Amino acid sequence: MRRKPLPILIVFIVLAAILLIPFDKEDVIKINAPYFNCYQQLTNQQNWEKWQSDINVIYHTDSSLCKLTTSAKGFKILIPDGSFIVEKLSSTNLAVKKNKHNKEISYNCAIIPDTSGLSTSVLISYTTSVIKYVFSELTGNKSHQADMYDFKKYMEDTKAYYGYYIKTDFLTRKKIVVNRKTVLTKDVLTEAAAMEKEIYHYIIQKDLKQTASLMLQYAAKGLDSTQVMMGIPVNKAVKPEQGILYMEIPAGNALMADFNGMYSDKQKVYAAVEKYVQDRHFHKKIAPLEVFDGALPSNADEVTIFRIVYPVF
């Protein structure tokens, strides 16, 4: 006797129905960035062009193709073949509706600080189905989390967020000979060139060996003057003489960032590191140092490469 296909059909229908049953899902993405910075980036519509990959590509190709409108509830960003509607549900909760190539994705996200405020969690909640969830796990195509992964990448990349690659390193103890002078601010670079000749002459005269790159440190003195401290690490301690001082830089942690541009623009890297210090709750140990592997600039408009070293604790 032939088996009836009805039971198999019923099982298939039930299984298909189970796979299509919607359910609510929550995911948490932890971001190694301060809460206040994350909050500003997510809630300010003009910041989405910096980190959301679809918007970012269009904006940097032709910014006029990104159309931004705001309302009391939130904002809307239109790009070719897509749109983003962000509604502020509360001060820390957003509802996002993304449409790309006529495919719509909706999710809510809550911005949650850790106890120190130095890292942030974003709780993503959305509705999916069993079959969609299984497919996303198997393929790694997690469309609901994609925006926040873009966001995490941006916030944790110091080059993207601050404009410079900033790292924490350990600064070893250094013995340094120092040439210190207070000069007119307008003559800083001319005077620095003369100071460099003096300090290298001293090193040769005293049979010292240079152990690391030349360092410069500046301090404002009055309205029109600057104290210039030029130091060169050497192999042994010496007694101060001939206007040359002996100092030591203690070992400890330091922030470092490389600058490559016109010397007149160097305040950009200073500002970036200062903001990083504030965001991470570091404390300045001494004034920042400019470390030169190559030549010192002869004028403010000369393209110069140096590393800013910012001792902290």
Which residues, taken from segment 147-181, are free of Cβ contacts under 8 Å to residues at least 60 places away in the same chain and either surrounded by 14 or more Cβ atoms within 10 Å (Cβ to Cβ) or within 18 Å of Leu296 (Cα to Cα) (or both)?
Lys181
Under 9 Å between Cβ atoms, at least 6 apart or on separate chains: pull out the pairs that start in segment 241-264 with a residue that is within 19 Å of Val228 (Cα to Cα) and outside the structural domain of Thr172 (by TED's automatic domain parsing) and end on any residue that is surrounded by fewer than 14 Cβ atoms within 10 Å (Cβ to Cβ) and at pLDDT 95 or above.
none
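Residue-wise test of (1) more than 17 Å from Ile232 (Cα to Cα); (2) assigned by TED's automatic domain parsing to the domain that holds Ala254; (3) of a type in the set (A, V, I, L, M); (4) in contact with a helix residue (DSSP H, G or I) (Cβ under 6 Å, 6 or more places away or on another chain).
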position: Val273; (1), (2), (3), (4): yes, yes, yes, no
position: Gln278; (1), (2), (3), (4): yes, yes, no, no
position: His281; (1), (2), (3), (4): yes, yes, no, no
position: Lys285; (1), (2), (3), (4): yes, yes, no, no
position: Pro288; (1), (2), (3), (4): no, yes, no, no
position: Asp293; (1), (2), (3), (4): no, yes, no, no
position: Ala300; (1), (2), (3), (4): yes, yes, yes, yes
position: Ile305; (1), (2), (3), (4): yes, yes, yes, no
Just a yes or no: is a residue in segment 228-245 over 20 Å from the mean Cα position of the chain (by Cα), modelled with pLDDT of 95 or more, of a type in the set (S, T, N, Q) and surrounded by 13 or more Cβ atoms within 10 Å (Cβ to Cβ)?
no
Quickly run through segment 286-300 and pick out the residues that are assigned to a strand (DSSP E or B) and β-branched (Val, Ile, Thr).
Val291
Check on Val188, of a type outside the set (D, E, K, R), surrounded by 13 or more Cβ atoms within 10 Å (Cβ to Cβ) and touching a helix residue (DSSP H, G or I) at 6+ places or on another chain (Cβ under 8 Å)
no
Can you say whether Phe259 is among the aromatic types (Phe, Trp, Tyr), assigned to a strand (DSSP E or B), in contact with a Gly (Cβ under 9 Å, 6 or more places away or on another chain) and at pLDDT 95 or above, as far as the supplied structure shows?
no
Number of the condition not met by Val130 [criteria: (1) touching a residue at least 60 places away in the same chain (Cβ under 8 Å); (2) within 23 Å of Asn47 (Cα to Cα); (3) of a type outside the set (Ser, Thr, Tyr); (4) in contact with a helix residue (DSSP H, G or I) (Cβ under 8 Å, 6 or more places away or on another chain)]:
(2)
Going through segment 205-235 in order, the residues found to be over 20 Å from Ala193 (Cβ atoms), free of Cβ contacts under 8 Å to residues at least 40 places away in the same chain and not in a loop (DSSP other than H, G, I, E, B) are Ala220
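Restricting to segment 237-263, give me the number of residues that are of a type in the set (A, V, I, L, M) and under 16 Å from Ile166 (Cα atoms).
Number of matching residues: 4.
The values are calculated or read from the model by the stated rules, or taken from the named source; none is laboratory data. Given the structure is predicted, the values throughout are model-derived calculations rather than measurements. We place every Cβ from the backbone using ideal geometry, glycine too, and count neighbours over all the protein chains shown.
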